Each structure stands twice: as C-alpha cells, then as structure tokens.
Amino acid sequence: MYLFQVLLLTISLHFFPSPPAEISWDKKEYCNARFDFCVQYPANLLSEQYKATNGDGAKWSNEDQSIQLSVAGSHNVEGWDIEAINQFYFDQLIRKDTSVHLIAIHTDDTYGWVKMRFADKVQYFSVRLLENSYVTTLITVAKDAPKRLDEVRARLDISFPV
C-alpha cells in the first residue's frame, strides 16, 4: 500500500507539476498633474525614456526596445466619444502602414481599447474618457511575443486621483 501511494504521488507530481512561482514586479509610479492621472508600471521591465516637455505624458521601454509603453493625456477639443478617438488613432496608423490588422476591439461610454497587428509588431491602444479630456495608453511589442503585451497590460494600473 505504501509503495502504491509513493508511486501515485510521483506520477501526479510528474504529470501535474505545481504552477511556476509568480514573477515579482517592482512598480514605479508616474503622475501627470496636467491631466490628473497616475500610472503604476513594472519598473523592473521598463525604464523611463521620455517625458513630454508640455506635460502631456511619458514613454517607457525595455532595454532592447522590444516593449514600449506610452501614456498621455489630451484635451478633447473635438468632443469625440471613445469610438471616434479609436477611429482617429486607427486611421493615423493605417496612413503609415496599410498592413494593419485588427485583432480585437472594445468600447463603452467612457473606456475603449483596440488590439492590432502590423508589420513586426502587436499593439494595444486604450482610451479613458474624462470630463473634458482623455488619457491614452499605447503598448507595443514584437509580433513574435504577444504574451509580453498581456503581461505589461496586466501590470499597469492607471488611476485618476480627485
């Protein structure tokens, strides 16, 4: 009986290994006073590359530039809704590269996102509509590493302090 239990345990460990340990993500926070938002990002993956001199936002990337993140605010002078902002971004991208392929899209009254593939990249563009402005997030990764996009996206935390 004991030998059977040991054998059963050995087989179960072989075929049903424990899940890998969660990766530790050090977070840093960037706050934008002009558009009143903050973003926490994985600092052990991305480092700040640029802050807009006009206070619109910032950009980050990893060491080899294969993962890029930008977050920016904009005044909504056109009075656009989420769909119009997504469409504007998509149209601008298609003008630069006609090989853009839509992967997924989501919109509601105050939030929307588009995931697309083009050339050698996969990109996630999101918009959060505020009262008279909006905040965009753009994550770009290499086409052969789409899971990296989801990892970064899952570790971003954008907040809007009052």
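Does T136 count as more than 16 Å from L46 (Cα to Cα), β-branched (V, I, T) and surrounded by 13 or more Cβ atoms within 10 Å (Cβ to Cβ)?
Values: more than 16 Å from L46 (Cα to Cα): yes; β-branched (V, I, T): yes; surrounded by 13 or more Cβ atoms within 10 Å (Cβ to Cβ): yes.
Yes, satisfied.
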| Scanning region 103-150 for residues that are free of Cβ contacts under 8 Å to residues at least 12 places away in the same chain and not in a loop (DSSP other than H, G, I, E, B), which turns out farthest from V77 (Cα to Cα)? | K147
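Results for (1) basic (K, R); (2) crowded, with 18+ Cβ neighbours inside 10 Å; (3) modelled with pLDDT of 90 or more, shown as yes or no for each residue.
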site	(1), (2), (3)
S70	no, yes, yes
H75	no, no, yes
W80	no, no, yes
F90	no, no, no
T98	no, no, no
G112	no, yes, yes
K115	yes, yes, yes
| Within region 80-87, can one find any residue that is out of contact with any Gly (no Cβ under 8 Å at 6 or more places or on another chain) and within 19 Å of Y30 (Cα to Cα)? | no
| field | Those residues of region 11-52 which are aromatic (F, W, Y), more than 19 Å from F160 (Cβ to Cβ) and either modelled with pLDDT of 90 or more or surrounded by 12 or more Cβ atoms within 10 Å (Cβ to Cβ) (or both), in sequence order | value | W25
| task | Return yes or no: is T98 under 28 Å from C31 (Cβ atoms) and among the hydroxyl-bearing types (S, T, Y)? | result | no
| request: Could you list all residues from region 49-91 that are closer than 19 Å to S133 by Cβ, part of a helix (DSSP H, G or I) and free of Cβ contacts under 8 Å to residues at least 24 places away in the same chain? | output: A84, Q87, F88
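The values are calculated or read from the model by the stated rules, or taken from the named source; none is laboratory data. What you see is a predicted model; the values in this text were computed from it and never measured. With ideal geometry, Cβ positions are generated from the backbone for all residues, glycine too; neighbour counts draw on all protein chains shown.
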